1. Quick one: which residue in 26, 2 is in contact with a Ser or Thr (Cβ under 9 Å, 6 or more places away or on another chain), over 21 Å from residue 153 (Cα atoms) and of a type in the set (D, E, K, R)?
2. Under the condition of being modelled with pLDDT under 65 and in contact with a Gly (Cβ under 6 Å, 6 or more places away or on another chain), which residue from segment 42-99 is surrounded by the most Cβ atoms within 10 Å (Cβ to Cβ)?
3. Cβ-Cβ under 6 Å, sequence separation 6+ or interchain: first residue in segment 5-29 and surrounded by fewer than 18 Cβ atoms within 10 Å (Cβ to Cβ), partner among the hydroxyl-bearing types (Ser, Thr, Tyr). Which pairs?
Amino acid sequence: MDLYGNLTELSEFDGNRQIRLVSYLDPGVAIGVTGQEQVITICDIANDDVTRTMWRAQGGGAGFTLESVQYPGGFLDQNLFVGGNNAPPMALRYAAYHNDPDQFWAPMLSYSVTFVDSCWFTLSFLVVDDYMAAEAGYVFDCSESDTTEGNPILLFPPNGGDNQKWRATIIGPGFPDWAP
């Protein structure tokens, strides 16, 4: 971790840390959950509802899980994408996690990061089985490099663009972005 509370190694995503995934394009925006459909979008950090950009990360093995602080008990899902087709680019939604076999079920998905410059990384699903095979190699992408509130986060082939770079900043007592 650097002096500013940015994670700099995969192992630092462990420990049920509360983090914010900040865009390289604009330090005032982060990945968050928006609207009734719970679409994953760019969100203004200064917005009144700061919890929508807060995530809980828990490490394990080669990856980590992400859970919304605002909507606990869920996961990011590429199969609940917006637009109705299964071809990239795919916008992501946040879905409830159920243990009830009569309801929708999906595994707690794991994510991986590839650090590209100190604390900056690309974020992708960790492919562990056939469930995620279609998304192999795709990264989280700020659509059209547009950091406007509500712009969707997509799964897209990596291209080295700044719109695919993120940093994870710890949110908690003693760190710069702490908001109780």
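The values are calculated or read from the model by the stated rules, or taken from the named source; none is laboratory data. Remember, it's a predicted structure, so these values are computed and weren't measured experimentally. Every residue, glycine as well, gets a Cβ built from its backbone with ideal geometry; the counts of neighbours run over all protein chains shown.
1. Values: 26 fails: over 21 Å from residue 153 (Cα atoms).
Within the list 26, 2, the selection yields 2.
2. 97
3. 26/147
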